[in-house]
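Right, one structure below, let's go through it.
The values are calculated or read from the model by the stated rules, or taken from the named source; none is laboratory data. Given the structure is predicted, the values throughout are model-derived calculations rather than measurements. Note: ideal-geometry Cβ built from the backbone for every residue, glycine included; neighbour counts use all protein chains shown.
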Amino acid sequence: MGRRRQAREFALQALYLMDTARMDSNSAILIVSADSGLDAKSEEFARGLIQGAESRLADLDARIQETAQNWALDRMAAVDRNILRLASYELLNCPETPASVVIDEALEIAKLYSAQDSSKFINGILDKIQAFRPPPHAEEAG
């Protein structure tokens, strides 16, 4: 398993703790990092995802809620809700990572941590959210 995948799993675990146990990000990161075995660069990447998702939580939740018609956020499985938050943050705020990679990683993580059909649900929502991804910067396109 790649280091970025491990970092995303780390981020998911922290977001899950923040959501379900109402922990602050520092406490959640401290708990998750105790057994993570991540190298410093991967943990830095994970922290960026966690803090980024936390800082934009209201916007991410609104976008997910708008996209997931007939599914209230509080009725979604907590794991699915946090996979969606994590991947939505990365889709909308990390243009250096291709959308296909973000979605594939989210689906693979969902297969590990969530119910059997969750990956289909998550894929449908993320596919719609990627339409809101900002275009690449002009210097990256040329």
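Number of residues in segment 84-100 that are in a helix (DSSP H, G or I), of a type in the set (A, V, I, L, M, F, W, C) and farther than 14 Å from ASP127 by Cβ: the value is 1. Total residues in segment 85-105 satisfying the condition of being of a type in the set (A, V, I, L, M, F, W, C), closer than 13 Å to ARG5 by Cα and touching a Lys or Arg at 6+ places or on another chain (Cβ under 8 Å): the figure is 1. Among the residues of segment 122-133, is there at least one that is out of contact with any helix residue (DSSP H, G or I) (no Cβ under 8 Å at 6 or more places or on another chain) and at pLDDT 95 or above? Within segment 122-133 (the criterion being out of contact with any helix residue (DSSP H, G or I) (no Cβ under 8 Å at 6 or more places or on another chain) and at pLDDT 95 or above), the answer is yes, since at least one residue qualifies. Here SER100 clears all of (1) over 20 Å from SER36 (Cα atoms); (2) polar (S, T, N, Q); (3) crowded, with 23+ Cβ neighbours inside 10 Å except the condition numbered (3).
Number of residues in segment 45-79 that are assigned to a helix (DSSP H, G or I), without any contact (Cβ under 8 Å) to a residue 40 or more places away in the chain, closer than 21 Å to ARG8 by Cα and of a type outside the set (A, V, I, L, M, F, W, C): the value is 7. The conditions of being over 15 Å from PHE10 (Cα atoms) and touching an Asp or Glu at 6+ places or on another chain (Cβ under 8 Å) are not met by ARG85.
Taking the conditions exactly as written (touching a Ser or Thr at 6+ places or on another chain (Cβ under 6 Å) and closer than 18 Å to ALA131 by Cβ), does LEU92 satisfy them or not? No. Here SER114 meets each of (1) closer than 30 Å to PRO135 by Cα; (2) within 15 Å of the chain's Cα centre (by Cα); (3) of a type in the set (S, T, N, Q) with one exception, condition (1).
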